[in-house]
Every structure is written in C-alpha cells, then in structure tokens.
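The values are calculated or read from the model by the stated rules, or taken from the named source; none is laboratory data. No experiment lies behind these values; they were computed from the predicted model shown. Neighbour counts are summed over all protein chains in view; Cβ atoms, including those assigned to glycine, are modelled from backbone coordinates with ideal geometry.
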2 protein chains.
Amino acid sequence: MTSFAIIGHLARTDGGFSLNDLPGSGGRMDVLCRCVNTSLFLSHDLRRDVDCYLVLCGEPAAPKTIRFSGNAVRSLSPDERSAGALIKKALDIPTGSEFREAAPGISVRKGGLARLMTEHTFAVLDETGTDIRTAGQLPDAFILSDHLNFTGDEETLIAMCPRYSVGPACLHADHTITVVHNELDRRKAQWTSMNR
Amino acid sequence: MTSFAIIGHLARTDGGFSLNDLPGSGGRMDVLCRCVNTSLFLSHDLRRDVDCYLVLCGEPAAPKTIRFSGNAVRSLSPDERSAGALIKKALDIPTGSEFREAAPGISVRKGGLARLMTEHTFAVLDETGTDIRTAGQLPDAFILSDHLNFTGDEETLIAMCPRYSVGPACLHADHTITVVHNELDRRKAQWTSMNR
C-alpha cells in the first residue's frame with residue numbers, strides 16, 4: 001500500500017466552489033484534482049493499492065481531510081472536473097472526527113496533517129532530499145505541498161521526516177507523484193534492462 | 001529543444017465543444033489538455049525549450065495540428081480548462097496549411113501526423129521500447145497516443161521510428177511525458193548522487 005498526502009493550503013472546506021473555476025473559487029482545488037489523478041490512474045486501470053489524502057486548509061471549516069481509496073473508488077474519471085465533483089460531494093456531507101464515506105472509496109473527516117501523521121510514517125518530497133533512484137528501501141507514505149511552500153507549523157510537524165527528491169527540476173506536486181510511482185513500479189517489477 | 005506530439009484520435013477540430021465537458025463534447029480533449037500541462041509546466045515556471053503538438057483527428061475538419069510553444073506561450077494556467085480555452089480559441093480561427101497564431105505561442109494549421117513527421121525525427125513512446133534510463137542518447141522528439149491505440153495508418157507512418165519505454169506500467173500519455181522530462185532533466189543536469 002502506498003499513500004500520498006497533499007496539503008491544499010487554500011483549498012475550500014465546503015462545497016461552495018464552482019466546478020467551472022476550480023483554481024479560483026476552489027482555492028487551487030485543480031492542483032489537488034490532478035494529484036488524485038496521478039496518484040490513482042494507470043492507463044485503463046486504477047492503482048488499487050494507493051490511498052490519496054487531500055488535506056484541505058482553506059475557508060470556511062479547515063482543516064478537513066478527504067481520502068480517495070484506490071481499492072474502493074468508483075465513478076472517478078481522469079479529468080479534473082470528475083475529481084472536483086467528488087471532492088465537492090464529500091465536502092457537502094456533515095463531517096465528524098472519523099472518516100465518513102461520501103461516495104464509494106471517498107471519505108471525509110475533520111482534522112488535518114497533525115492527525116494524519118499519527119497514522120502513517122511519512123516521508124517528505126522536497127528538492128533537498130535524497131534521490132529516490134539511489135535511496136535504499138523507499139517509504140510507503142509521502143507528503144507533498146500544493147503550489148505553496150509548507151507553512152512554519154507544517155515544517156515543525158514534518159521536521160523529523162526523511163526527505164526524498166525526484167530530480168533536479170522543481171516540479172508540480174502531481175508531476176512529482178508520477179515520478180515516484182515510476183520508481184516504485186520499477187522496483188516492484190524489478191524492472192531493469194537485464195530482465196526484459 | 002524537446003518536442004512532444006500527442007494524437008487525439010477523437011478530438012474535435014472546431015471550437016464547438018464545451019469547456020464544462022472536455023471529455024465528452026471535446027472527444028477526450030481533457031487528455032490533450034493534461035499533455036499540454038505536463039509538457040510545459042515546471043513549478044512556478046514554464047519549460048521554454050519545449051514545443052507540444054496536438055494532432056486532432058476528430059470531427060468535423062480533421063486533421064488539424066495545434067502547437068503550444070513554451071518559449072512564447074502566455075496566459076496558460078496549469079488547469080485543464082485553461083488549456084482547453086486556448087485550444088478552443090485556436091480552433092475558432094480560419095485555418096490554412098501553414099501555422100497561424102491564435103494566441104501568443106499557440107498556433108494552428110491543417111494537416112496531421114504525416115506532415116509533422118517530415119519536420120521532426122520522432123521516437124515513439126511505447127511499452128515495448130528500450131528503457132529510457134538505459135538508452136544511450138535520447139531523441140528530442142516523441143510521439144504518444146491518447147487513450148486509444150495508434151491506428152493502422154499511424155502504425156505504418158511510425159513503423160521506422162525508434163521506440164522507448166518509461167517503465168513496466170502502462171501509463172496515461174501525460175504521465176509518460178512527465179517521466180520522460182524527469183529523465184531528460186537528470187541527463188541535462190548530469191544529476192547523480194555523485195554531484196549533489
């Protein structure tokens with residue numbers, strides 16, 4: 001099982017955003033929708049062994065966490081609007097402290113990064129970290145930030161996490177997830193020029 | 001300069017599609033929008049040395065080719081709808097046999113893959129190809145298909161192209177572009193564990 005958690009610093013925490021304006025009205029919800037896509041989609045298939053956590057920190061009810069579970073999700077298409085509609089649905093139901101299912105494979109609860117960190121041993125994806133290609137065993141849970149840097153409070157929470165880098169260029173969060181998946185896929189398949 | 005060309009087998013060739021339904025009314029235009037994103041975007045920057053060609057093969061005026069030039073494009077945001085709006089704009093202007101600019105860095109012409117192949121030395125990204133990590137010098141122009149396989153006519157056109165693979169999993173076209181960029185970024189920067 002692999003988990004990705006993406007912090008949406010301005011992402012709306014109610015359903016009051018427009019699917020026609022995910023970047024503006026959604027507080028850059030488009031970034032999170034693309035992260036759902038790259039976390040979960042294979043060509044004509046889903047990555048059933050992946051959970052994607054969206055940590056929403058925007059107005060009016062932050063923080064909330066939405067979980068997309070690859071092993072249970074249905075009616076998710078790759079386009080941003082499809083993920084956006086499911087996020088909106090999750091944000092429209094009453095939310096408590098435990099995950100509640102809003103649609104198959106999609107759950108929501110109150111709480112944010114601090115709680116999530118008690119449940120997973122996360123690594124941080126960050127340009128300064130160890131190269132994922134040369135690292136020994138890779139972790140199975142990764143934290144990324146959206147288009148904004150981690151806040152001071154977040155940096156305090158993740159200070160002890162190991163850090164990994166995917167390459168020399170500074171990438172969008174969703175692109176970073178794709179590169180991590182590629183490295184994990186190669187390792188799982190023991191895919192080298194020798195065995196093809 | 002790196003070029004990516006993506007074949008949109010059902011992608012509309014006029015502006016008569018809805019930005020609210022890129023997958024349906026646009027003939028899976030969402031796939032092409034995501035390929036524009038992964039071809040051109042860095043975090044808070046654009047890849048100025050990349051051209052992204054969309055080869056549109058759907059109704060009613062196929063084929064047309066739209067070029068997004070990283071060195072000249074403006075007012076492009078990462079969300080699918082932003083690329084979709086610019087594609088729509090390009091498809092709304094009269095089109096001739098030569099590229100005509102519809103917006104800064106975005107041009108359109110009649111013609112498809114056959115013509116494009118006379119102008120670039122393409123490699124094909126395909127699961128059966130040589131691993132990009134172990135290959136010698138990589139090409140600078142790549143062809144990908146959207147959610148559908150290459151047609152028989154396309155396979156004939158690309159039969160002589162070298163083929164490269166990005167890994168053991170069968171990925172979406174946009175994810176494949178991200179992995180190719182990561183390999184090219186590492187090679188350009190001579191980025192290894194030794195020089196960091």
Checklist entry - Looking at A:A62, is it more than 25 Å from B:L22 (Cα to Cα), in a loop (DSSP other than H, G, I, E, B), away from chain B (no Cβ under 14 Å) and in contact (Cβ under 8 Å) with a residue 40 or more places away in the chain? => result yes
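Take the residues in segment B:134-190 that are among the hydroxyl-bearing types (S, T, Y), free of Cβ contacts under 8 Å to residues at least 60 places away in the same chain and at the interface with another protein chain (Cβ under 10 Å from one of its Cβ atoms), then tell me which one is farthest from B:V36 (Cα to Cα). Full working, then the answer.
Just the residues of segment B:134-190 that are among the hydroxyl-bearing types (S, T, Y), to begin with: B:134, B:145, B:151, B:156, B:164-165, B:176, B:178.
Now drop any that are not free of Cβ contacts under 8 Å to residues at least 60 places away in the same chain, which leaves B:134, B:156, B:164-165, B:176.
Filter once more, so that each one left must be at the interface with another protein chain (Cβ under 10 Å from one of its Cβ atoms): B:134, B:165, B:176.
Working: B:T134: 26, B:S165: 20, B:T176: 12 Å.
The selected residue is B:T134.
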Next on the checklist: Just checking, does segment A:7-29 include any residue being in contact (Cβ under 8 Å) with a residue 40 or more places away in the chain and assigned to a helix (DSSP H, G or I)?
Outcome noted: yes
Checklist entry - What number of residues within segment A:182-193 are modelled with pLDDT of 95 or more and either among the β-branched types (V, I, T) or over 19 Å from B:G129 (Cβ atoms) (or both)? => result 3
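If I ask for residues that are closer than 30 Å to B:E183 by Cβ, β-branched (V, I, T) and in contact with a helix residue (DSSP H, G or I) (Cβ under 7 Å, 6 or more places away or on another chain), which ones from segment A:104-134 would you list? Step through it out loud before you land on a result.
Start the filter on segment A:104-134 by keeping residues that are closer than 30 Å to B:E183 by Cβ, which leaves A:120-134.
Right, trim to β-branched (V, I, T) and you get A:121, A:124, A:128, A:130, A:132, A:134.
Those that are closer than 30 Å to B:E183 by Cβ, β-branched (V, I, T) and in contact with a helix residue (DSSP H, G or I) (Cβ under 7 Å, 6 or more places away or on another chain): A:I132, A:T134.
To keep it simple, each residue is scored yes or no on (1) closer than 16 Å to A:S107 by Cα; (2) in a strand (DSSP E or B).
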position: A:V36; (1), (2): yes, no
position: A:Y53; (1), (2): yes, yes
position: A:G58; (1), (2): no, no
position: A:I66; (1), (2): yes, yes
position: A:L76; (1), (2): yes, no
position: A:R81; (1), (2): no, no
position: A:G84; (1), (2): yes, no
position: A:I87; (1), (2): yes, no
Item to check | Identity of the residue in segment A:31-49, surrounded by fewer than 24 Cβ atoms within 10 Å (Cβ to Cβ) and away from chain B (no Cβ under 11 Å), that ends up nearest to B:V166 (Cα to Cα) | outcome: A:L46
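Evaluate the following for A:T95: is it in contact with a strand residue (DSSP E or B) (Cβ under 7 Å, 6 or more places away or on another chain), assigned to a loop (DSSP other than H, G, I, E, B) and crowded, with 20+ Cβ neighbours inside 10 Å?
Values: in contact with a strand residue (DSSP E or B) (Cβ under 7 Å, 6 or more places away or on another chain): yes; assigned to a loop (DSSP other than H, G, I, E, B): yes; crowded, with 20+ Cβ neighbours inside 10 Å: yes.
Yes; evaluated as a whole, the condition is true for this residue.
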Checklist entry - Looking at A:V124, is it away from chain B (no Cβ under 14 Å) and either among the basic types (K, R) or out of contact with any Pro (no Cβ under 7 Å at 6 or more places or on another chain) (or both)? => result yes
Checklist entry - How many residues are over 29 Å from B:T176 (Cβ atoms) and basic (K, R) if we restrict to segment A:17-60? => result 0
